[in-house]
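Novice: Dumping the structure here so I can ask a few things about it.
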Amino acid sequence: MLEAKGLMVFYENMLALNNIDIKCEAGQIVGVFGANSAGKSTLMYTLSGIMQDIKKKEEMSGGERITVMGEVKYQNETITDLKPSQRARKGIVLCPERRRIFSESSVLENLKIGAYLATRSQAKYTLEYVFKLFPALEKLKKRIGGFLSGGEQQMLAIGRALMAQPKVLLLDEPLLGLSPLMQATLILATREIRDEMNISIIITEQYARPVMPIVDYAFILENGSAVMEGTKEELMDNRDIRAAYFGVEESYT
Ligand code: ATP
């Protein structure tokens, strides 16, 4: 479905992604876990095409040189050179890190903005679905985005991404800074979205533990390199990975 091969991203001379191969099959939830600066957002920007916009902006302002190498394929078609809007039209939709909602627009306006790629009937149906998935949002539909709590903003960010009719949803650190209860709500919602909308999801997080129950396959990124990949069981079998990403303390007795 969505696949990247040999992805390399340099910010000037700094290697942010080092020869990454990643694959997400139809209907899968794939996790990408890594500490701060591991390269998670860089990967999501490269898959969604936003990296091209960042690169262009840097070039126009005479800023740093960004080099992207490797191949991104979607449904066996090479999309490496497609713009983010062209990828979105194919169904590759990014829900970016730190929510990035329109803070001066209402909840409903934010959701409607997300529907720019949807037909009228898709927009109506998806809006109803988003409100069913996150009933809190329906109650807040007239509230200005900037006045929502972090958790509500994240629900809105996911809802807005769903309005764009994704086939592959890229969720970049959706749990960042949220309470364990809100994290659990969002994780259950993520699984429900996959099951109900029958889409694929790639989700990045710093800690694997809250996300692991819903993933089919996962990658561990360290300093831009994929140091391990596998199923939940395969990753849990590795003592170092378990301690670093699952928050499971080792006992040395
Ligand atoms: P976090 O969890 O903190 O968001 P991350 O895993 O998403 O981290 P990235 O944001 O992809 O990591 O960053 C990877 C590395 O690339 C970091 O060292 C970061 O400082 C650097 N980096 C990211 N964006 C740029 C940029 N536009 N210019 C220069 N360096 C960058």
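FYI, it's all coordinate maths here, none of it is from the lab. Keep in mind the model is a prediction, meaning the values are calculated, not measured. Neighbour counts run over all protein chains shown; Cβ positions are idealised from the backbone, glycine included.
Novice: Of Gln206, Thr67, Ser105, which is farthest on the positive side of the dipole of region 2-245, counting Cα position, with +1 on Lys and Arg Cβ, -1 on Asp and Glu Cβ, and the Cα centre as origin?
Specialist: Ser105
Novice: With a 10 Å radius around each residue's Cβ, average the other Cβ atoms per peptide and rank 6-15, 130-139, 158-167, highest first.
Specialist: Going by the mean number of other Cβ atoms within 10 Å, highest first, we get 158-167, 130-139, 6-15.
Novice: Rounded to whole Hz and in sequence order, give me ³J(HN,Hα) for region 71-80 from the Karplus expression 6.51 cos²θ - 1.76 cosθ + 1.60, θ = phi - 60°, writing x for Gly and Pro.
Specialist: Listing the rounded values in order: 10, 10, 10, 10, 6, 6, 9, 6, 10, 3 Hz.
Novice: Please work out the ratio of the alpha-carbon Rg of the chain to 2.2 N^0.38 Å and round it to two decimals.
Specialist: So the chain has a normalised radius of gyration of 1.00.
Novice: Once fully extended, how much extra length lies between Glu104 and Lys83, figured as 0.36 nm per residue of separation less the alpha-carbon to alpha-carbon distance?
Specialist: Fully extending the segment from Glu104 to Lys83 adds 4.9 nm.
Novice: Once Rh is set to the Kirkwood radius over Cα pairs, what Stokes-Einstein translational diffusion coefficient, in µm²/s, holds for region 105-205 at a temperature of 20 °C and a viscosity of 1.002 mPa s?
Specialist: 158 µm²/s
Novice: Where does each of 95-103, 197-205, 65-73 land if you order them by average Cβ count within 10 Å, highest first?
Specialist: 197-205, 95-103, 65-73
Novice: Rg and Dmax of region 202-246, using alpha carbons, in Å: what are they?
Specialist: Spelled out, the Cα radius of gyration and Dmax of region 202-246 are 9.5, 25 Å.
Novice: Computed FRET efficiency, Cβ-Cβ of Ser37 and Glu128, R0 51 Å: what is it to the nearest 0.05?
Specialist: About 0.80, to the nearest 0.05.
Novice: For region 15-135, with only Lys/Arg (+1) and Asp/Glu (-1) charged at the beta-carbon, what is the dipole magnitude about the Cα centre, in debye rounded to 20?
Specialist: So the magnitude is around 320 debye.
Novice: May I pose another question? Can you list residues whose amide H is under 5 Å from Gly70's amide H, if they're 5+ apart or on another chain and H is modeled 1.01 Å from N?
Specialist: Correct list: Met8.
Novice: Provide the percentage of antiparallel DSSP beta bridges, counting only those with both residues in the chain; round to the nearest 5.
Specialist: 55 percent
Novice: Which one of Pro166, Ser121, Val215 has its Cα pushed farthest toward the positive end of the charge dipole of the chain, where Lys and Arg give +1 and Asp and Glu give -1 at the Cβ?
Specialist: Farthest towards the positive end: Ser121.
Novice: Using a 10 Å cut-off on Cβ atoms, rank the peptides 80-93, 211-224 from the highest mean neighbour count down.
Specialist: Put in order of decreasing packing, that is 211-224, 80-93.
Novice: Give me the distance in nm between label points sitting 7 Å out from Cα along the Cα-to-Cβ direction at Met14 and Lys139, one decimal.
Specialist: 4.2 nm
Novice: Moving on. Once both labels are modelled 7 Å past Cα along the beta-carbon direction, what's the Asn198-Val227 spacing in nm?
Specialist: 4.0 nm
Novice: Let me ask another. For Asp237 and Asp53 in one chain, what is 0.36 nm times their gap in residues minus the Cα-Cα distance, to one decimal in nm?
Specialist: 62.3 nm is the gain from fully extending Asp237 to Asp53.
Novice: Taking the Cα centre of each part, how many Å lie between region 114-185 and region 19-98?
Specialist: 21 Å
Novice: Ok, one more. Quick one: which residues, 5+ away or cross-chain, put their amide H under 5 Å from the amide H of Gln28? H built at 1.01 Å from N.
Specialist: Answer set, sorted by chain and number: Ile201.
Novice: Need the full-extension length gain, Ala26 to Phe147, defined as separation in residues times 0.36 nm minus the C-alpha distance. One decimal, nm.
Specialist: So the extension gain works out to 39.9 nm.
Novice: Hey, what does the equivalent ellipsoid look like for region 22-128, semi-axes from the Cα gyration tensor as sqrt of 5 times each eigenvalue, largest first, whole Å?
Specialist: Taking √(5λ) for each eigenvalue gives 26, 19, 16 Å, largest first.
Novice: For the chain, what does the relative contact order come out to in percent, with C-alpha contacts under 8 Å and a separation of six or more?
Specialist: Reported relative contact order: 28 percent.
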